[in-house]
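Beneath this line is the structure, given in structure tokens, with notes to follow.
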Amino acid sequence: MLDNYLPIFTLILIAVCFAIGSTVFSGLIGQKKPSEVKLAPYECGMPLVGTARERFSVKFYIIAMLFIVFDIEVVFMYPWAVMFKRLGMFGFVEMGVFILILLVGYIYVWKKGALEWE
Amino acid sequence: MSDLLLSLALILVKLGLIFGVILGMAAYLVLAERKILGRMQLRHGPNRLGPFGLIQPMADVIKLITKEDFMPDQADKWLFLFAPGLTALTALLSFVVVPFAPPLTIFGRELPMVVCDLNIGLLYFLGISSLGVYGVVIGGWASNSKYSLLGAMRSIGQLLSYELAMGLALIPVVLSAKSFSLTDVVMSQADWPNLLKHPVAFLIFLVSIAAESKRTPFDMPEAENEIVGGFHTEYSGMRFGLFFVGEYINLVIIGSMLTVLFLGGWHGPLLPPIVWFAIKVLFVAFCFIWARGTMPRLRYDQLLHLGWKVLIPLALLNLLVTAAVLLAIG
């Protein structure tokens, strides 16, 4: 069983070596002339205004929460899709009911205005 | 014992081959993209180094390596170093499950033409590709710059929204393949490619995978002309190079996944299977570059509107209709 994943672990090893190796190598042979202005965050050459650690629109967090809810439901559909033939009519009706419940939540979210971005 | 050594050697050979081919393809896709975009804008594109600028990728690598590699002093040090590596790693890992030719029989042993034929290949691809969001978000947040933060936040919203539609669009493919193994998915397309069997799923998948890889017209996380490169604004030298390589490896992966899942994989008349696979992958890559040359960028509210209010309901409906049709024809 674990044999199947051996190439993946090997590739992770190779890829990590590649990533670390290339950046370290580049750090060794690249020039180093740091200055205060160069190390400041880039803002089109203007003096800095405030910091980047500010509050951010809540819309992005709502998207993330909705994603978790809906993605878990999508996960349930994968095993159903593989076993579809064996489950037959029963499985189809079950999935229809499941999607119906999902739709109620979806319509609620829509009506609440969580999907509006204007 | 010798059996184990043989399979280990085989894995290493395959990995080395794949690693070389992928990195080479990524390097030359950069050149191809610059050439094609140049031609579309009535320019020549790079043409100074070697015939048709063919040595340009090598020169680019040397330039990136010898550039000064500095870190903004307000940056979150470890996360800043970690993010580009993670992006390149997740991009490289996806390719392991892509089957590029039918299993070969040598010396009475069946040799699958895929690095590892996982029985959960499709789930593995979805999982690894959703890990890709971490590299972008961590990089954008750790830079501690406003442009980077904007890019990171935009990419969270975009990647999460389109991952749902992408996942739903793949279910019809699983329904007709009855397996998560990508080799089985290609085998199930021996008669007709999934493009003809599931056209709606194909369109949804095409749009969402373009959005997932932040390609034009969905390149708001990078948007050079408003947030100067977004999440990689503060990156320089080889660390920027890793983000860049990751992006072009992703283009190869998009091509391969579209080929495997919808365009019939290695199936095709006359030519050998591996040639067909390469042709299809390169054609898809060309189409994505073409889109970059011709399409304007979406606005962010249009993007989320398309993702949540069009693609997700359409994908759910398509899923039910496909299941009903499959049930009816048995």
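The values are calculated or read from the model by the stated rules, or taken from the named source; none is laboratory data. No experiment lies behind these values; they were computed from the predicted model shown. In this analysis, Cβ positions are derived from the backbone assuming ideal geometry, glycine residues included, and neighbour counts consider all displayed protein chains. What goes into the accessible areas is simple: the full protein's heavy atoms, side chains included, and nothing from ligands, DNA or RNA. Shrake-Rupley method; radii C 1.70, N 1.55, O 1.52, S 1.80 Å.
Once amide H atoms are built 1.01 Å from N in the peptide plane, which residues 5 or more positions from residue B:70, or in another chain, come under 5 Å H to H?
Those lying under 5 Å, H to H, from residue B:70 are B:236.
What is the set of long-range amide H partners of residue B:115 at a cut-off below 5 Å, with H atoms built 1.01 Å from backbone N?
Distant-sequence amide H within range of residue B:115: B:98.
Cα to Cα, under 16 Å, and not fewer than 8 places away if on the same chain: which aspartates and glutamates meet these conditions relative to residue A:38?
B:68, B:69, B:73, B:234
Considering chain B as a Gaussian network with a 10 Å cut-off on Cα pairs, which listed residue, B:276, B:308, B:266, attains the greatest mean-square fluctuation?
Top of the fluctuation ranking is B:308.
For the protein assembly as shown, what is the accessible area per residue in Å², given a 1.4 Å probe and the full set of protein chains?
Working: 21560 Å² over 448 residues.
Here the per-residue accessible area is 48 Å².
In debye to the nearest 20, how big a dipole does segment B:29-187 give about its Cα centre with +1 on each Lys and Arg Cβ and -1 on each Asp and Glu Cβ? Don't skip to the end; give the middle numbers.
Working: 12 positive and 10 negative charges, 122 e Å.
Value, rounded to 20: 580 debye.
In whole percent, how big is the carbon plus sulfur part of the accessible area of segment B:86-228, probe 1.4 Å, protein atoms only?
69
Roll a 1.4 Å probe over the protein heavy atoms and report the accessible area of residue B:115 in Å², nearest 10.
10
Can you work out the Karplus-derived ³J(HN,Hα) for every residue in segment B:287-303? Use 6.51 cos²θ - 1.76 cosθ + 1.60 with θ = phi - 60°, whole Hz, and x for glycine or proline.
Using θ = phi - 60°, the values come out as 4, 5, 5, 4, 4, 5, x, 10, 9, x, 6, 6, 7, 5, 5, 5, 4 Hz.
Using protein heavy atoms only (no ligands, DNA or RNA), what is the total accessible area buried between A and B, 1.4 Å probe, nearest 100 Å²?
Working: alone 11270 and 16760 Å², together 21560 Å².
Using a 1.4 Å probe, the pair buries roughly 6500 Å².
Find which of B:131, B:298, B:176 sits farthest along the positive direction of the dipole of segment B:67-329, computed with +1 on the beta-carbon of Lys and Arg, -1 on that of Asp and Glu, about the Cα centre.
Farthest along the dipole direction, towards plus: B:176.
Rounded, prolate or oblate for chain A? Axes are the square roots of the Cα gyration tensor eigenvalues, ordered a ≥ b ≥ c, and the cut-off for rounded is a/c under 1.5.
Details: a/c = 6.27, a/b = 1.47, b/c = 4.27.
Oblate.
Grab the beta carbon distance between residue A:103 and residue A:36, set R0 = 35 Å, and tell me the FRET efficiency rounded to 0.05.
Numbers: r = 57 Å, r/R0 = 1.62.
The pair residue A:103/residue A:36 has a calculated efficiency of 0.05.
How would you order B:309-319, B:249-259 from highest to lowest mean count of nearby Cβ atoms within 10 Å? Numbers along the way, then the final one.
On the way: B:309-319: 19.2, B:249-259: 23.8.
Those peptides, ordered most packed to least, come out B:249-259, B:309-319.
Near the amide H of residue B:144, under 5 Å away, which other amide H atoms are found, from residues 5 or more places off or on another chain, if H is placed in the peptide plane?
B:76
What FRET efficiency do you get for residue B:283 and residue A:14 if R0 is 25 Å and r is their Cβ-Cβ distance, rounded to the nearest 0.05?
Details: r = 29 Å, r/R0 = 1.16.
It comes to 0.30.
Quick one: go through segment A:87-118 and flag any residue whose amide nitrogen is under 16 Å from the point 7 Å out along the Cα-to-Cβ line of residue B:299.
Counting backbone N atoms under 16 Å from the label point, the list is A:116-118.
Have a look at chain B and give its Rg and Dmax from the Cα atoms, expressed in angstrom.
Cα only, chain B: 20.5, 64 Å (Rg, Dmax).
Give me the one-decimal nm value for the distance between modelled label points at residue B:104 and residue B:320, 7 Å along each residue's Cα-to-Cβ direction.
About 4.8 nm, to one decimal.
Based on Cβ point charges of +1 for Lys and Arg and -1 for Asp and Glu, what charge dipole magnitude is obtained for chain B about its Cα centre, in debye rounded to the nearest 20? Present the calculation step by step, with values, prior to reporting the outcome.
On the way: 22 positive and 20 negative charges, 139 e Å.
Result for chain B is approximately 660 debye, rounded to the nearest 20.
In chain A, if the dipole is taken from +1 on Lys/Arg beta carbons and -1 on Asp/Glu beta carbons about the Cα centre, which of A:52, A:96, A:78 is farthest to the positive end?
Of A:52, A:96, A:78, it is A:52.
Can you grab the distance from the C-alpha centre of segment B:16-34 to the C-alpha centre of segment A:1-76, Å, no decimals?
Segment B:16-34 and segment A:1-76 have Cα centres separated by 22 Å.
Starting from the Cα of residue B:66, step 7 Å along the direction of its Cβ; do the same at residue B:309; then give the gap between the two resulting points in nm.
Roughly 5.4 nm, to one decimal.
Taking a cut-off of 27 Å between Cα atoms, list the lysines near residue B:14, but don't count ones fewer than 8 places away on the same chain.
Counting by Cα, and skipping residues close in sequence, residue B:14 has these lysines nearby: B:280.
Can you tell me the 0 to 90 degree angle between the C-alpha axis of helix A:84-112 and the longest principal axis of chain A, rounded to 10?
Here the helix axis deviates by roughly 60 degrees.
Quick one: 3J(HN,Hα) in Hz for segment A:36-48, Karplus 6.51/-1.76/1.60 with θ = phi - 60°, rounded, Gly and Pro as x.
Once rounded to whole Hz, the list reads 4, 5, 5, 8, 6, x, 6, 9, 6, x, 7, x, 5.
Which value, in debye to the nearest 20, gives the size of the charge dipole of segment B:116-253 about its Cα centre, when Lys and Arg are +1 and Asp and Glu are -1 at the Cβ? Before the final figure, lay out each step's value.
Values: 7 positive and 11 negative charges, 28 e Å.
Its charge dipole is roughly 140 debye.
With contacts defined as alpha carbon pairs under 8 Å and 6 or more residues apart, what's the relative contact order of segment B:67-329 in percent? Kindly include the intermediate steps, with their values, before the conclusion.
Numbers: 404 pairs, mean separation 68.3, N = 263.
So the answer I get is 26 percent.
Lysines within cross-link reach of residue A:32: Cα-Cα under 21 Å, excluding same-chain residues under 8 positions apart?
B:63, B:67, B:77
For residue B:37 and residue A:61, FRET efficiency with R0 = 45 Å and r from the beta-carbon atoms, rounded to 0.05? If you can, show how the numbers build up before the last one.
On the way: r = 36 Å, r/R0 = 0.81.
Efficiency for this residue pair is about 0.80.
For segment B:192-330, what class follows from the C-alpha gyration tensor (a ≥ b ≥ c being the square roots of its eigenvalues): rounded when a/c is under 1.5, otherwise prolate if a/b is larger than b/c, else oblate? Write down the numbers at each step before the final one.
Working: a/c = 2.77, a/b = 1.36, b/c = 2.03.
Oblate shape, in that a/c is at least 1.5 and b/c is the bigger or equal ratio.
Hey, what D do you get for the protein assembly as shown in µm²/s if you plug the Kirkwood alpha-carbon radius into Stokes-Einstein at 37 °C and 0.692 mPa s? Mind dumping the intermediate values first?
Numbers: Rh = 23.4 Å.
D, rounded to a whole number, is 141 µm²/s.
Give the separation of the Cα centroids, segment B:117-169 to segment B:197-230, in Å.
The two parts, judged by their Cα centres, are 12 Å apart.
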